[in-house]
Amino acid sequence: CTKANDAIPALAGVLGRINEKSRIIILSNGGLAIRDEITKKLGARSPIIELATTTNGAYLTNEFDPLGFSVVHAGIGSTYSSNADFIRAVRRARIGGAVLLSNVDMNVMLWKKIAVNCVINPITAMRGVKNGQLLEMIKSDSEIRHLVDEILIEVSNVALAEINTDKLLAIDEKALIGVN
């Protein structure tokens, strides 16, 4: 369990034990980039990499907790993954909904989450408001609505470029191995 920018360094200690039969489930913001970095780093030894995300809400407080934690669980959401065993475990834990998605639908779900974060993070920081206040601002403030539209257009363009690149790479791989 780590932040996105610490995921690859966290794997350093086990890289020698990872091979094409290993399985890694990434449940982190930045999962798409982490997956791509692992694949690039390990090449032919790349493990089976599956993605997951959650809509559970949490935030840090500045209050001291004797256990060293200052996380507030702000809302129960759902967890999504392309790994059936992981989804079964989440269901057994009864910590919100658990939805099994295809790999394609999982990628779409992650792009949706990226879009949401690209909207929420800068606007709440610029305006000094909490996430929950943003929806009302979008409804009532045309400047914010315009900014949201611009952000979503940009994220959509980036997502479309990646999807098209993935399709081209898949076509090239098929051509290389002689598959029509």
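The values are calculated or read from the model by the stated rules, or taken from the named source; none is laboratory data. These numbers come from a predicted model, not from an experiment. As a convention, Cβ positions derive from the backbone with ideal geometry for all residues, glycine included, and neighbour counts pool all protein chains shown. These area figures cover heavy atoms from the full protein model, side chains too; ligands, DNA and RNA do not enter into them. Shrake-Rupley method; radii C 1.70, N 1.55, O 1.52, S 1.80 Å.
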For the stretch 38-58, does any single residue satisfy the condition of being part of a strand (DSSP E or B) and at pLDDT below 80? yes
Within the stretch 132-155, identify whether any single residue is open to solvent by less than 50 Å² (accessible area, probe 1.4 Å) and under 25 Å from residue 34 (Cα atoms), and answer yes or no. yes
Among (1) open to solvent by less than 30 Å² (accessible area, probe 1.4 Å); (2) on the phi > 0 side of the Ramachandran plot, there is one condition residue 94 misses while meeting the rest; what is its number? (1)
Count, please, the residues in the stretch 113-131 that happen to be touching a strand residue (DSSP E or B) at 6+ places or on another chain (Cβ under 9 Å) and open to solvent by 80 Å² or more (accessible area, probe 1.4 Å). 2
Would you mind telling me which numbered condition in (1) free of Cβ contacts under 8 Å to residues at least 40 places away in the same chain; (2) under 25 Å from residue 120 (Cα atoms) residue 102 fails? (2)
Assuming residue 93 fulfils every condition listed in (1) more than 18 Å from the chain's Cα centre (by Cα); (2) in contact (Cβ under 8 Å) with a residue 12 or more places away in the chain apart from one, which condition is it? (2)
Only one of 160, 134, 147, 168 is at pLDDT 90 or above and either in contact with a helix residue (DSSP H, G or I) (Cβ under 9 Å, 6 or more places away or on another chain) or in a helix (DSSP H, G or I) (or both). Can you tell me which? 147
Do we have any residue at all in the stretch 5-24 that's open to solvent by less than 40 Å² (accessible area, probe 1.4 Å) and within 21 Å of residue 101 (Cα to Cα)? yes
